[in-house]
């Protein structure tokens, strides 16, 4: 053994070849954490000191090669400023340069994912052989960052500027065959032939049949572009990347600029430019939010897995009550993920609508080449439409998705409970009605909880699992396990009006309603909030949700929280509702809707909407962007803080992820609490206090005041 560590071993093979193997102890994947980086330094030193060394084969002892850096180490480093970020990169940049400069050839055998720093390690090797199922790439821009260990330097010199810009600026994984075509890997073979193929290529280098020194020279020299080619290539790329990424995501354009600045430099100077650029983007709010988002996703997934592990058996058979669009969407998602599901309705028309919805979604998958017609048939066969409760005793979990009416739900829940086994979990897809209240209709309330899907089910990742007063842990565990199996992001919350997402959404709508009451133009409000990052502004969102649905939910929230959500004026939504303008569903709301060329609803300005509002709002007034943001976001943020302080949601991370998964809160904000951290709790409280006259929705909680007074954050990095 040449070197033995906890993450890396180096052992001697025949003919003077050494195998450098990554196998990080105690982890399911390899990553470049501090331990691995330090051990790589020691391993390279050991290789350099090995007499008779002829070549190095780099392999992985896990199902992946290396998935990248340890993201959990970034926060404390970035907090210390740009110099600390550059220093953090320096150790592994030195490692990879030393690897590239070894006096013997090196070949990487890429057996699975080689991403970020993992792919940068591979690029530092002389040749790369990939298994056919392997994937490579640079996902750093998804974290608001750029490659930091030579990716912007070595990839353009091996695969060309166009490929490097596309791969780095998009952040997408690349299949092995595409990487071969681009010149980023040198061979692709079946997984069982990988080791032999990589050793064969290494021996060809040793025997002089492959000129590995020429390959190194190519990577270490300036880009081979003349004074005309370079500006043309980079300026075109910059314009395209800037348009695609937008102003809220600076990392993709920064990566292209780094490549352009370093194009005429040798390797070491170019890597210094990359490190400087990395350090700069690491300080942006976008990077800190996106890195935080990644860590929050890990936490949410870990909690969901923990619930799943505690579940007594998997959900092998499910049922949904109430077909239609929502029931059909739930049935589709379950069947698509391999879980057979009964879809029950009281009328054939409902069954037909549910099957039509599932058919439509599957047909789209076939059209996009993601499913074959035969596979579509298999998925449809897992959906069993029925008008009766026959065989419901074999079902493990039921999702009730009938109309949002407490009396109807009570009747249906009581009915189904009598037809299922004693340990069957029964859930309700209610969006507003108390789970504890609905459980009053049941003999086994411990087997009941909320399972709130978001529309459209196939597209929205969040499922709120709502615990009622008598819900058991076993019920929560099985429900979370089912959500996981459906490919959803499950977040467990406590019961209250609106649960978590709707409880904080309606204060946002309330802020919007008060803006309109005070003379704001709803089109301007939509534009400002879309510029802030929302996929659609509040007026457009209400039209998409359905103004009739919004008015109903608003009444539930007002009853639940009258001191904050009760209103004493006629809201714009009430005006639209009374005029039968329900939004997209009937072609008119705040906007009118016309079918575009693809048959999808396209919003157009509506003079009628303005005329209807006129008697109920103040004279037109122009509000600043800052005031529009404050008046809509402060109510949402203060209500989310109340939910956290009341224990409705377990952590700031889960609260933030729920709004990103369930409402499309802009990822570059990282969540409401990360936004407050970014601007400062004191600044937020000052913003709220400036609008105190608007009511209790603008009143910071005790917890927010405490954070502000202590200069603290929801996400401390130390």
Between the Cα axis of helix 348-367 and the main Cα principal axis of the chain, the angle (0 to 90°, nearest 10) is 20
Neighbour-count ranking for 621, 585 (other C-beta within 10 angstrom, fewest to most) reads 621, 585
The stretch 28-94 and the stretch 123-163 have their Cα centres apart by a whole-number Å value of 16
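Find the all-direction average of the projected area of the Cα convex hull for the stretch 3-283, expressing the result in square nanometres with one decimal place.
On the way: hull surface 55.1 nm².
Computed as one quarter of the Cα hull surface, the answer is 13.8 nm².
Sum -39500 (n - 2.57) across every DSSP H segment of at least 4 residues in the chain, then divide by the residue count to get the 222 nm mean residue ellipticity, nearest 500.
So the calculated ellipticity at 222 nm is -16000 deg cm²/dmol.
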Shape descriptor, the stretch 354-399: equivalent ellipsoid semi-axes (Cα gyration tensor, sqrt 5λ, whole Å, largest first) stand at 26, 11, 9
Here the gain from full extension of residue 473 to residue 242, 0.36 nm per residue of separation minus their alpha-carbon distance, amounts to 78.3 nm
What one gets for the stretch 229-346 as the Kirkwood radius, inverse of mean 1/r over different Cα pairs in Å, is 19.1
Given 272-283, 145-156, 250-261, the highest-first ranking by average Cβ count within 10 Å works out to 145-156, 250-261, 272-283
Binned at 5 Å starting from 0, the alpha-carbon pair-distance distribution of the stretch 371-474 in whole percents comes out as 2, 12, 20, 21, 19, 14, 6, 4, 2, 0
Length gained, residue 312-residue 266, 0.36 nm per residue minus C-alpha separation, equals 10.6 nm
Rg from C-alpha atoms of the stretch 510-577, normalised by the globular rule of thumb 2.2 N^0.38 Å, equals 1.10
Projected onto their principal axes, the Cα atoms of the stretch 502-710 stretch, largest extent first, over whole-Å spans of 52, 37, 32
Short to long, in 5 Å steps from zero, the percent of alpha-carbon pairs of the stretch 1-141 per bin is 2, 10, 20, 24, 21, 13, 6, 3, 1, 0
For the stretch 585-697, the Cα gyration tensor yields equivalent-ellipsoid semi-axes (√(5λ), largest first, whole Å) of 32, 22, 13
At 4 °C in a medium of viscosity 1.567 mPa s, the stretch 634-718 has a Stokes-Einstein diffusion coefficient, with Rh taken as the Kirkwood radius over alpha carbon pairs, in µm² per second, of 100
Working note, the stretch 180-301: Cα radius of gyration (Å, one decimal) and Dmax (Å, whole number) are 19.4, 52
Residue 63 and residue 209 label points (each 7 Å along its Cα→Cβ direction) are spaced in nm at 3.4
Protection proxy (average C-beta count within 10 Å per residue), highest first, orders 178-190, 442-454 as 442-454, 178-190
Long-range alpha-carbon pairs in the chain, meaning those over 48 Å apart, account in percent for 26
Rounded to one decimal in Å, the inverse mean reciprocal Cα-Cα distance for the stretch 314-495, i.e. its Kirkwood radius, is 16.0
For 456-468, 558-570, 691-703, ranked highest to lowest by mean beta-carbon neighbours within 10 Å, the order is 456-468, 691-703, 558-570
The rounded separation in angstrom of the Cα centers of the stretch 457-522 and the stretch 379-453 is 18
Relative to the chain, whose Cα atoms define the longest principal axis, helix 625-646 and its Cα axis are tilted in degrees, nearest 10, by 90
For the stretch 486-529, the percent of all C-alpha pairs falling in each 5 Å bin, from 0 up to the bin holding the max distance, is 6, 16, 19, 16, 13, 11, 11, 6, 1
Note: residue 624 to residue 580 extended length (0.36 nm per residue) minus current alpha-carbon separation gives 12.7 nm
Taking the convex hull of the alpha-carbon atoms of the stretch 23-75 and averaging its shadow over every direction gives an area in square nanometres of 4.3
If N is the residue count of the stretch 434-479, its Cα Rg over 2.2 N^0.38 Å rounds to 1.22
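The numbers here are math on the coordinates, done by the rules we state, and not lab data. Just so it is clear, the structure is predicted and the values come from calculations on it, not from any experiment. Please note: Cβ atoms are built from the backbone with ideal geometry, for glycine as well, and neighbour counts cover all protein chains shown.
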